[in-house]
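Participant: Before anything else, here's the structure in question.
The values are calculated or read from the model by the stated rules, or taken from the named source; none is laboratory data. What you see is a predicted model; the values in this text were computed from it and never measured. Here the Cβ positions follow ideal geometry from the backbone for every residue, glycine too, while neighbour counts run over all protein chains shown.
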């Protein structure tokens, strides 16, 4: 049993091309990950994923900053109108901004990762994409689980993220929890 190096689907051992995506399957055996039949390059490692996270953070903040500014102004005006103390306005603004950030990052990541792109805009730019363990597109529910599992990767002093550099299939902790893989190339 072998797997296509481009799409990750199971193909026949003697096949010259993948019947799913048409990729050439005659890669040298020494370039494969043991037991999987996938090329070493098939999975995205820590550094390229780190770069994608930085670019996605910039994109989210560019979109979110004007919305947060307007929300802050509205909270301030509404708070002053009803006579709320400054501390109350600050607390409401902080919680509203925090909630907005959580909501925006979840919707951004889960909708783009479960879309036909199978990637956030930054991942797509860097030519990487997310699949389930069978190489198929993930659902919105799995993308949501993967997003929130990143909080687990974060609270482990980021060791959950660093795991992507050391696991055989380059899975971070949140990928293991969500049952996902991050591939190099196009789906």
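Participant: What is the number of the single condition among (1) surrounded by fewer than 15 Cβ atoms within 10 Å (Cβ to Cβ); (2) touching a residue at least 12 places away in the same chain (Cβ under 8 Å) that residue 170 does not meet?
Facilitator: (1)
Participant: Here is a further query. If you check residue 55 against the conditions, is it in a helix (DSSP H, G or I) and either touching a helix residue (DSSP H, G or I) at 6+ places or on another chain (Cβ under 6 Å) or closer than 21 Å to residue 158 by Cα (or both)?
Facilitator: yes
Participant: Moving on. In region 62-75, what residues are touching a helix residue (DSSP H, G or I) at 6+ places or on another chain (Cβ under 9 Å) and over 14 Å from residue 95 (Cα atoms)?
Facilitator: Hits for region 62-75 are 63, 64, 67.
Participant: Still on this structure, I have one more. Residue 59: out of contact with any strand residue (DSSP E or B) (no Cβ under 7 Å at 6 or more places or on another chain), in contact (Cβ under 8 Å) with a residue 40 or more places away in the chain and either assigned by TED's automatic domain parsing to the domain that holds residue 168 or surrounded by fewer than 18 Cβ atoms within 10 Å (Cβ to Cβ) (or both), yes or no?
Facilitator: It is true that residue 59 is out of contact with any strand residue (DSSP E or B) (no Cβ under 7 Å at 6 or more places or on another chain), in contact (Cβ under 8 Å) with a residue 40 or more places away in the chain and either assigned by TED's automatic domain parsing to the domain that holds residue 168 or surrounded by fewer than 18 Cβ atoms within 10 Å (Cβ to Cβ) (or both).
Participant: Condition test on residue 71, is it at pLDDT below 90 and either under 28 Å from residue 162 (Cα atoms) or not assigned by TED's automatic domain parsing to the domain that holds residue 165 (or both)?
Facilitator: Considered against the rule, which asks whether it is at pLDDT below 90 and either under 28 Å from residue 162 (Cα atoms) or not assigned by TED's automatic domain parsing to the domain that holds residue 165 (or both), residue 71 comes out as no.
Participant: Name the one entry in 110, 119, 143 that is touching a helix residue (DSSP H, G or I) at 6+ places or on another chain (Cβ under 7 Å), under 20 Å from residue 182 (Cβ atoms) and outside any helix (DSSP H, G or I).
Facilitator: Being touching a helix residue (DSSP H, G or I) at 6+ places or on another chain (Cβ under 7 Å), under 20 Å from residue 182 (Cβ atoms) and outside any helix (DSSP H, G or I) holds for just one of 110, 119, 143, which is 119.
Participant: Just wondering, is there one or more residues in region 37-46 that are over 27 Å from residue 172 (Cα atoms) and touching a helix residue (DSSP H, G or I) at 6+ places or on another chain (Cβ under 7 Å)?
Facilitator: Within region 37-46, not a single residue is over 27 Å from residue 172 (Cα atoms) and touching a helix residue (DSSP H, G or I) at 6+ places or on another chain (Cβ under 7 Å).
Participant: Further question on the same structure: With respect to residue 154, determine if the residue is touching a helix residue (DSSP H, G or I) at 6+ places or on another chain (Cβ under 8 Å), assigned to a helix (DSSP H, G or I) and surrounded by 16 or more Cβ atoms within 10 Å (Cβ to Cβ).
Facilitator: no
Participant: Could you say which residue among 141, 96, 104, 178 is under 27 Å from residue 42 (Cα atoms), in the same structural domain as residue 51 (by TED's automatic domain parsing) and surrounded by 14 or more Cβ atoms within 10 Å (Cβ to Cβ)?
Facilitator: 178 is the lone residue from the list that is under 27 Å from residue 42 (Cα atoms), in the same structural domain as residue 51 (by TED's automatic domain parsing) and surrounded by 14 or more Cβ atoms within 10 Å (Cβ to Cβ).
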